[in-house]
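The values are calculated or read from the model by the stated rules, or taken from the named source; none is laboratory data. For clarity, every value in this text was computed on a predicted model and none was experimentally measured. All Cβ positions, glycine included, derive from the backbone under ideal geometry; neighbour counts span all protein chains shown.
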Amino acid sequence: MSFYDVLAITGGFTLVFWLLKLCWPCFCALRLYVFSELWQVDFRRYGQWAVVTGATSGIGKAYACELAQRGLNIVLVSRSDDKLHRVAKEIEDQYGKKTHIINADFTHGHSIYPAIAKKLEGLEIGILVNNVGMVYSDHFAYFLEVPDAEEMMVVYIFPQMTRLILPGMVERGMGLIINISSEVGVRPQPLLSLYSATKIFIIYLSQCLHAEYKSKGITVQCVAPALVSTNMTRSMNVKCLMKSASGFAREALNTVGHSNYTSGCLSLQNLALTIILPDWIRMSSFFIRKLRKFPERDEDKKKDEYVGKRRNAEKKF
């Protein structure tokens, strides 16, 4: 075999290697977000009940409704009693499933968990959706501009809720835990420092729990969405780059059994954000200063619109 033959074979293997390396992520994405529409998990095999925290709006409500549609009874956990009853009635009327409601304000700390545990007694809980969370500021803010923000962080909620429900899953040898994180946990976001840090905590917690308990029949999935149209994102208009909460939950649940970590849906948001805002731009002082002024401009625009409407109304009279 000549030198040129060896060179040709080496080049051929190199070409095949890089083609496979390029095609493999595409195949994984197709399997996760397209083929999963055809091969869906029967969620009823995990148990009769699903517990969803932060279940009265946004992604939490969407998960509760989608799980009810797929045959599970739902335990709704949130702090608004009126909203809990409203969502419970909606699920019972629309999907014909049983509901339990638990009124709990997670900002009250460890004192609420004994009451939650008591209300969950006797239920065969197969699925836990850890979704509850909060933004400690309604605008981008420097760390020192938000006093006592640490007290509002809810990183202990996910471990505490998991401690309440995981033992029963282990005893039955079957269970599913879905932890809702965020894209800002994957890529650090200045001016949302604590929020971003709590989301990476959720990602690592999920990966570790899955590794520890997968041999006992427990699946722990971490979902890290980018922008979804919810109250937290001020109900942004649903477009090609923006999913509705219900659409997101449906696609995200389809990925269960196919991946233990997912962005939840097939979207160009992550690619767009990576191209438009690479890390060196997002972490720059110039961009941070501009980002800090963004809400102020938005508020000024709203004030100008309000003043304009007032003036127009006064002219009519």
Residue within segment 21-40 that is of a type outside the set (A, V, I, L, M), out of contact with any Gly (no Cβ under 6 Å at 6 or more places or on another chain) and either under 20 Å from Leu166 (Cβ atoms) or at pLDDT 90 or above (or both) present: no
Residue list for segment 109-135, restricted to those being surrounded by fewer than 19 Cβ atoms within 10 Å (Cβ to Cβ), assigned to a loop (DSSP other than H, G, I, E, B) and either free of Cβ contacts under 8 Å to residues at least 40 places away in the same chain or in contact with a Gly (Cβ under 8 Å, 6 or more places away or on another chain) (or both): Glu121, Gly122, Glu124, Met134
Residue ID - surrounded by the fewest Cβ atoms within 10 Å (Cβ to Cβ), chosen from residues in segment 154-199 that are in contact with a strand residue (DSSP E or B) (Cβ under 7 Å, 6 or more places away or on another chain) and among the polar types (S, T, N, Q): Thr162
Residue in segment 57-79 that is in a loop (DSSP other than H, G, I, E, B), modelled with pLDDT under 95 and among the β-branched types (Val, Ile, Thr) present: no
